[in-house]
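Visitor: Here it is, the structure in full.
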Amino acid sequence: MHNENQSLIFELSKEGRVGYSLPELDVPELDLEELLPEGYVRDEAPELPEVSELDIMRHYTALSRRNHGVDSGFYPLGSCTMKYNPKINENVARLSGFANIHPLQDESTVQGAMELLYDLQTSLVEITGMDEVTLQPAAGAHGEWTALMMIRAFHEANGEGHRNKVIVPDSAHGTNPASATVAGFETITVKSNEDGLVDLDDLRRVVGEDTAALMLTNPNTLGLFEENIIEMAEIIHSVGGKVYYDGANLNAVMSKARPGDMGFDCVHLNLHKTFTGPHGGGGPGSGPVGVKADLIPFLPKPVLVKKEDGTFHFDYNRPQSIGRVKPYYGNFGINVRAYTYIRTMGPDGLKAVTEYAVLNANYMMRRLEPYFDLPYNRHCKHEFVLSGRRQKKLGVRTLDIAKRLLDFGYHPPTIYFPLNVEEGMMIEPTETESKETLDAFCEAMIQIAKETEENPSLVQEAPHTTVISRLDETRAARTPILRYTKVEA
Amino acid sequence: MKHRYLPMTEQDKKEMLETIGVESVDELFSDIPESVRFKGYYNIKEAKSESSLLKELKQLAAKNEDTESNVSFLGAGIYNHYKPVIVDHVISRSEFYTAYTPYQPEISQGELQAIFEFQTMIAELTGMDLANSSMYDGGTSLAEAGMLAAGHTRRKKLLVSDAIHPEYRDVVATYAYGQSIEIVTVPTKDGVTDMDALKVLIDDQTAAVMVQYPNFFGQIEDLKTIGELAHEAKGLFIVSSNPLALGVLTPPGKLGADITVGDAQVFGIPESFGGPYCGYFATTTKLMRKVPGRLVGETVDQDGRRGYVLTLQAREQHIRREKATSNICSNQALLALAASVAMTALGKKGVKEMAKQNIVKTRYAKNAFEAAGFTIPFQGAHFNEIVVKTNKPVSEINQYLLEKGIIGGFDLGRVYPELENHVLLAVTELRTKEEIDALVAEMGAYNA
């Protein structure tokens with residue numbers, strides 16, 4: 001079975017089959033030609049599949065078996081925080097009073113939903129140490145851009161519209177510079193020093209009166225805490241810039257350090273990471289943004305507020321707001337899940353989450369250190385980065401190691417990122433994994449390191465057990481086939 | 001404390017600390033400077049057990065008036081449609097919802113193929129050459145289309161029809177500000193884009209003309225003529241479209257659209273108080289290499305088997321960084337899957353039948369309102385929404401309707417001052433004749 005092509009749903013289609021059950025038409029039937037202008041009645045039907053309900057279920061079940069999720073096995077994908085996705089979250093998000101409410105209903109009819117959002121907002125204010133939070137942005141990158149637009153509006157309101165530079169470390173996620181560009185800024189890259197932290201001298205060199213902001217992930221993408229954060233914030237603030245916290249790695253510092261106390265002016269969070277989203281195969285996410293008081297006037301519209309009478313209200317009267325960043329009020333369904341998670345964990349639970357996330361990462365780092373190069377040898381936070389340069393000398397690349405891990409039933413770490421590590425492997429175990437799982441993964445890594453020395457082709461030719469072998473990505477990009485086209489027999 | 005999501009035992013912890021060579025977990029945080037260390041205790045609610053939290057949140061959910069226990073005529077971009085039950089069964093398979101972006105194609109063929117099928121279905125419905133793997137929602141997708149047009153044409157002006165969803169227009173304006181792009185609003189006449197005004201406003205600086213199809217008032221725009229005007233000025237033609245309507249309407253791809261965007265919420269996705277939804281982005285082969293977001297392409301493995309990969313990634317932020325033209329990093333994979341299942345269940349015939357039911361039932365409602373003495377100001381062809389003029393404030397009418405178990409329409413006066421006391425009503429296939437009759441009767445009773 002594995003040697004055959006998996007059918008596309010279109011290839012299962014047969015005229016005359018249906019998979020739907022529409023309501024009966026109980027009003028007089030009319031002719032479309034009478035209802036629509038000439039030339040606007042579709043004359044060629046879209047080629048959607050014609051299949052029965054069982055066909056559909058079998059098809060998607062087959063596809064699901066060709067997919068690896070957190071529930072399938074360990075998923076130490078660095079920077080993505082692939083923790084367990086609690087099932088209660090799914091049940092709560094599907095409650096009719098949450099799933100079946102329309103975003104434009106009168107506020108008086110959705111007070112329960114607004115109360116939940118307000119409580120989530122308030123919890124995130126506390127967790128981040130900021131003064132106000134908006135739940136509007138749909139994802140992390142969307143949150144980054146939202147916050148940068150606010151920084152831009154802040155500078156413009158102060159007559160400093162000339163501030164057009166955003167400083168980003170060389171280890172930053174690609175979304176940071178891209179968000180800066182979309183918000184109309186130029187990006188300046190600041191170097192890392194030999195300890196893997198931002199080089200303060202280089203930072204002092206690049207700041208100036210054109211500095212709008214510094215974007216920083218802390219702990220950074222190497223999993224290291226930027227110890228000089230206070231000094232960095234001072235450098236930026238002294239020239240009038242703002243300091244932005246990329247909350248991708250918040251799982252590492254809950255109850256240990258808050259962005260608001262570290263000198264950050266704004267922060268975005270990835271609720272689909274730290275707060276158990278889930279990831280959904282690539283989305284949806286939710287990327288709330290928290291800000292300090294001086295940025296509050298620029299929050300996107302509307303702002304959810306609690307009125308004196310205890311009711312909740314969407315405030316549109318925000319003259320300095322950057323405007324709308326998304327229709328309606330953010331990815332509510334994801335916010336419900338995150339809220340359920342926070343309520344499930346409580347303050348003690350969130351503290352334990354961070355402690356175990358960091359314990360697990362350090363444990364794995366020390367277990368693997370003898371077998372792989374560790375470019376930055378100090379306590380890590382929730383993740384760490386190994387280098388495969390030792391293996392590369394033997395002809396085995398990090399990509400090969402990743403592919404070999406598939407044979408052991410694991411999702412590989414993030415590879416070739418951050419960019420400042422040669423043959424990088426970024427490993428983030430998360431707190432929801434047991435010691436047995438961590439040990440088994442380490443054993444697999446150690447075995448691969450041995451195979452690299454003894455039988456490198458076994459690694460180079462991996463994977464050997466997956467439903468499909470390595471795919472020709474060059475061919476996919478050179479002659480793109482982005483959709484199915486029916487071949488007439 | 002022990003928690004069901006945290007498996008480490010005290011013994012595990014002890015052994016791990018020994019391996020690391022530290023005495024306590026606290027030592028692992030010694031790199032956090034004393035001055036920024038959080039020494040307090042989060043002032044958030046204490047943890048609750050599974051059963052008591054469920055109970056509490058059910059009560060909170062029950063405070064809301066939902067569209068299941070009420071009869072809803074509220075649309076305005078998000079609709080109460082038939083959701084095939086099978087959709088939730090498929091997206092509840094945790095191999096899909098607990099996975100991340102399919103970066104390792106060998107163990108992500110399921111997700112990749114599902115997206116490839118989604119791309120195909122959207123391309124089919126819109127009549128465009130290709131579609132991407134999805135966007136956050138219809139509004140941000142429209143904004144991205146505008147940014148693409150400005151980059152592609154190297155022009156800095158977008159002509160936006162006033163009959164586009166007001167919140168979508170607001171989002172476009174925010175994005176445009178970031179890119180220093182000018183927004184010019186094209187007014188409407190009789191509920192559709194005013195062609196004379198458009199002819200005056202369009203010029204050699206116009207990057208694109210944007211319209212909605214069916215538009216915010218439910219009316220069918222003359223895409224063919226608008227597209228010709230856009231192309232004469234060498235601008236792009238961008239259409240925001242309800243993909244369900246394309247079950248019966250000539251698709252934008254056949255009427256000159258360069259980019260078609262919209263929201264696939266209509267296919268199996270609950271209203272969910274604003275999201276998550278499923279934006280789509282479809283375009284021509286010519287613009288393929290400028291598409292924002294992820295694309296899945298077909299290829300073969302080393303043994304010649306058909307397979308799928310994320311492709312043309314040179315466009316994306318993680319490769320291009322500050323040179324990227326869009327910062328989008330995720331897609332709405334799970335919602336794209338939901339929409340795919342619904343589109344599959346409906347199929348070629350069902351999508352047409354469902355779209356047609358929307359038009360026919362809306363026409364029934366229109367006739368019934370007119371028979372009851374209401375004025376319908378816009379008399380052009382419609383899809384599943386109509387504008388009804390009222391004698392009393394819409395908010396009052398809606399308050400009254402709610403007492404009767406009806407969620408009324410969108411108060412147009414909130415965003416169009418000239419349409420005070422006008423309500424936008426959506427009639428989907430789920431509304432029965434009886435429900436429509438009740439709406440007309442109750443509105444008549446209150447309005448009189």
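Every residue, every condition in (1) in the same structural domain as A:P370 (by TED's automatic domain parsing); (2) exposed (fewer than 15 other Cβ atoms within 10 Å of the Cβ); (3) in contact with a strand residue (DSSP E or B) (Cβ under 8 Å, 6 or more places away or on another chain), yes or no:
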{"residue": "A:N420", "(1), (2), (3)": "yes, no, yes"}
{"residue": "A:E428", "(1), (2), (3)": "yes, no, yes"}
{"residue": "A:T432", "(1), (2), (3)": "yes, no, yes"}
{"residue": "A:I446", "(1), (2), (3)": "yes, no, no"}
{"residue": "A:S469", "(1), (2), (3)": "yes, no, yes"}
{"residue": "A:T485", "(1), (2), (3)": "no, yes, no"}
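Visitor: Go through (1) modelled with pLDDT of 95 or more; (2) crowded, with 23+ Cβ neighbours inside 10 Å; (3) more than 17 Å from the chain's Cα centre (by Cα); (4) not aromatic (F, W, Y) one by one and return the number of the condition A:H237 breaks.
Guide: Only one criterion in (1) modelled with pLDDT of 95 or more; (2) crowded, with 23+ Cβ neighbours inside 10 Å; (3) more than 17 Å from the chain's Cα centre (by Cα); (4) not aromatic (F, W, Y) is unmet by A:H237, namely (2).
Visitor: With A:I322, A:I342 as the choices, which residue is assigned to a helix (DSSP H, G or I), in contact (Cβ under 8 Å) with a residue 12 or more places away in the chain and of a type in the set (V, I, T)?
Guide: Only one candidate qualifies: A:I342.
Visitor: Give me the residue from segment A:88-104 that is closer than 16 Å to A:Y328 by Cβ and without any contact (Cβ under 8 Å) to a residue 40 or more places away in the chain and, out of that set, surrounded by the fewest Cβ atoms within 10 Å (Cβ to Cβ).
Guide: Taking the candidates together, the pick is A:N100.
Visitor: Please indicate, with yes or no, whether at least one residue in segment B:40-48 is under 45 Å from the mean Cα position of the chain (by Cα) and in contact (Cβ under 8 Å) with a residue 12 or more places away in the chain.
Guide: Checked against the condition, which is being under 45 Å from the mean Cα position of the chain (by Cα) and in contact (Cβ under 8 Å) with a residue 12 or more places away in the chain, segment B:40-48 yields at least one hit.
Visitor: What do you reckon, is B:M121 within 30 Å of A:E11 (Cβ to Cβ), out of contact with any strand residue (DSSP E or B) (no Cβ under 7 Å at 6 or more places or on another chain), assigned by TED's automatic domain parsing to the domain that holds B:V300 and of a type in the set (A, V, I, L, M)?
Guide: Yes.
Visitor: While we're looking at this one, here's another question. Looking at segment B:181-229 only, could you name the residues that are of a type in the set (G, A, S) and either in the same structural domain as B:F378 (by TED's automatic domain parsing) or in contact with a Pro (Cβ under 9 Å, 6 or more places away or on another chain) (or both)? So that I can check it myself, show each step before the final result.
Guide: Looking only at segment B:181-229, we keep the residues that are of a type in the set (G, A, S), and these are B:191, B:197, B:207-208, B:218, B:227.
Residues satisfying the conditions are B:G191, B:A197, B:G227.
Visitor: While we're on this one: Hey, can you tell me all the residues within segment B:54-70 that are in contact with a Gly (Cβ under 6 Å, 6 or more places away or on another chain) and more than 8 Å from every other protein chain (Cβ to nearest Cβ)?
Guide: B:N70
Visitor: Can you confirm whether segment B:233-252 contains a residue that is more than 9 Å from chain A (Cβ to nearest Cβ) and of a type in the set (K, R)?
Guide: Checked against the condition, which is being more than 9 Å from chain A (Cβ to nearest Cβ) and of a type in the set (K, R), segment B:233-252 yields at least one hit.
Visitor: Among the residues of segment B:397-412, are any within 9 Å of chain A (Cβ to nearest Cβ) and either surrounded by fewer than 16 Cβ atoms within 10 Å (Cβ to Cβ) or hydroxyl-bearing (S, T, Y) (or both)?
Guide: yes
Let's see how each residue does on (1) in contact with a Pro (Cβ under 7 Å, 6 or more places away or on another chain); (2) aliphatic (A, V, I, L, M); (3) in the same structural domain as B:S272 (by TED's automatic domain parsing); (4) part of a helix (DSSP H, G or I):
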residue: B:R320; (1), (2), (3), (4): no, no, yes, yes
residue: B:V351; (1), (2), (3), (4): yes, yes, no, yes
residue: B:N358; (1), (2), (3), (4): no, no, no, yes
residue: B:A365; (1), (2), (3), (4): no, yes, no, yes
residue: B:F378; (1), (2), (3), (4): no, no, no, no
residue: B:I386; (1), (2), (3), (4): no, yes, no, no
residue: B:N391; (1), (2), (3), (4): no, no, no, no
residue: B:L424; (1), (2), (3), (4): no, yes, no, no
residue: B:L430; (1), (2), (3), (4): yes, yes, no, no
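Visitor: For segment A:325-342, check the following and say yes or no: at least one residue is over 21 Å from the mean Cα position of the chain (by Cα), of a type outside the set (F, W, Y) and crowded, with 22+ Cβ neighbours inside 10 Å.
Guide: No, segment A:325-342 contains no residue that is over 21 Å from the mean Cα position of the chain (by Cα), of a type outside the set (F, W, Y) and crowded, with 22+ Cβ neighbours inside 10 Å.
Visitor: Something else now. Given segment A:125-222, what helices (runs of 4 or more DSSP H) lie entirely inside it while holding 3 or more residues that are surrounded by 24 or more Cβ atoms within 10 Å (Cβ to Cβ), out of contact with any helix residue (DSSP H, G or I) (no Cβ under 7 Å at 6 or more places or on another chain) and not basic (K, R)?
Guide: A:140-157
Visitor: What is the one condition in (1) surrounded by 16 or more Cβ atoms within 10 Å (Cβ to Cβ); (2) polar (S, T, N, Q); (3) at the interface with chain B (Cβ under 7 Å from one of its Cβ atoms) that A:S13 does not satisfy?
Guide: A:S13 satisfies all of (1) surrounded by 16 or more Cβ atoms within 10 Å (Cβ to Cβ); (2) polar (S, T, N, Q); (3) at the interface with chain B (Cβ under 7 Å from one of its Cβ atoms) except (3).
Visitor: Could you please find all residues in segment A:42-70 being closer than 22 Å to A:R483 by Cβ, facing another protein chain (nearest Cβ under 7 Å) and in contact (Cβ under 8 Å) with a residue 40 or more places away in the chain?
Guide: A:E47, A:P49, A:V51, A:I56, A:L63, A:R66, A:N67, listed by residue number.
Visitor: Tell me, which residue of segment A:105-118 that is surrounded by fewer than 23 Cβ atoms within 10 Å (Cβ to Cβ), touching a residue at least 40 places away in the same chain (Cβ under 8 Å) and facing chain B (nearest Cβ under 7 Å) is farthest from B:A62 (Cα to Cα)?
Guide: My answer is A:E115.
Visitor: Just to be sure before I move on: is A:L406 within 11 Å of chain B (Cβ to nearest Cβ), surrounded by fewer than 24 Cβ atoms within 10 Å (Cβ to Cβ) and touching a Pro at 6+ places or on another chain (Cβ under 9 Å) in the structure I sent?
Guide: Yes: the conditions hold for A:L406.
Visitor: Please find, among A:P278, A:P297, the residue that is crowded, with 24+ Cβ neighbours inside 10 Å and either assigned by TED's automatic domain parsing to the domain that holds A:M150 or part of a loop (DSSP other than H, G, I, E, B) (or both). Working first, answer last.
Guide: Details: A:P297 fails: crowded, with 24+ Cβ neighbours inside 10 Å.
Within the list A:P278, A:P297, the selection yields A:P278.
Visitor: Oh, and also: Restricting segment A:393-431 to residues that are among the basic types (K, R) and outside any loop (DSSP other than H, G, I, E, B), which is farthest from A:N67 (Cα to Cα)?
Guide: Among those that are among the basic types (K, R) and outside any loop (DSSP other than H, G, I, E, B), it is A:K393.
Visitor: Could you please let me know if A:T474 is under 24 Å from B:Q119 (Cα atoms), assigned to a helix (DSSP H, G or I) and within 30 Å of the chain's Cα centre (by Cα)?
Guide: On the way: under 24 Å from B:Q119 (Cα atoms): yes; assigned to a helix (DSSP H, G or I): yes; within 30 Å of the chain's Cα centre (by Cα): yes.
The answer is yes for A:T474.
Visitor: Against the condition facing chain B (nearest Cβ under 7 Å) and either in contact with a Pro (Cβ under 9 Å, 6 or more places away or on another chain) or touching a residue at least 40 places away in the same chain (Cβ under 8 Å) (or both), how does A:Q6 come out, does it pass? I'd like the intermediate steps shown before the answer.
Guide: On the way: facing chain B (nearest Cβ under 7 Å): yes; either in contact with a Pro (Cβ under 9 Å, 6 or more places away or on another chain) or touching a residue at least 40 places away in the same chain (Cβ under 8 Å) (or both): yes.
In short, yes.
Visitor: Within segment B:281-318, can you find the residues that are at pLDDT 95 or above, at the interface with another protein chain (Cβ under 7 Å from one of its Cβ atoms) and part of a helix (DSSP H, G or I)?
Guide: Passing the criteria: only B:M288.
Visitor: Here is a follow-up. Can you find a residue that is without any contact (Cβ under 8 Å) to a residue 40 or more places away in the chain, assigned to a loop (DSSP other than H, G, I, E, B) and facing chain B (nearest Cβ under 7 Å) anywhere in segment A:74-84? Show your work before the answer.
Guide: As a first pass, look at segment A:74-84 and keep what is without any contact (Cβ under 8 Å) to a residue 40 or more places away in the chain: none.
No, the conditions are met nowhere in segment A:74-84.
Visitor: Between A:D71, A:D43, A:D55, which is surrounded by fewer than 22 Cβ atoms within 10 Å (Cβ to Cβ) and within 19 Å of the chain's Cα centre (by Cα)?
Guide: The conditions single out A:D71.
Visitor: Looking at segment B:87-177, what helices (runs of 4 or more DSSP H) fall wholly within it and have at least 1 residues that are surrounded by fewer than 24 Cβ atoms within 10 Å (Cβ to Cβ) and more than 8 Å from every other protein chain (Cβ to nearest Cβ)?
Guide: In segment B:87-177, the matching helices (runs of 4 or more DSSP H) lie at B:138-153.
Visitor: Name, by its number, the condition in (1) within 13 Å of another protein chain (Cβ to nearest Cβ); (2) touching a Gly at 6+ places or on another chain (Cβ under 8 Å); (3) without any contact (Cβ under 8 Å) to a residue 40 or more places away in the chain that does not hold for A:A180.
Guide: Of (1) within 13 Å of another protein chain (Cβ to nearest Cβ); (2) touching a Gly at 6+ places or on another chain (Cβ under 8 Å); (3) without any contact (Cβ under 8 Å) to a residue 40 or more places away in the chain, only one is false for A:A180: (2).
The values are calculated or read from the model by the stated rules, or taken from the named source; none is laboratory data. Because the structure is predicted, anything quoted here is derived from the model rather than measured. All Cβ positions, even for glycine, are placed from backbone atoms using ideal geometry, and neighbour counts span all protein chains on display.
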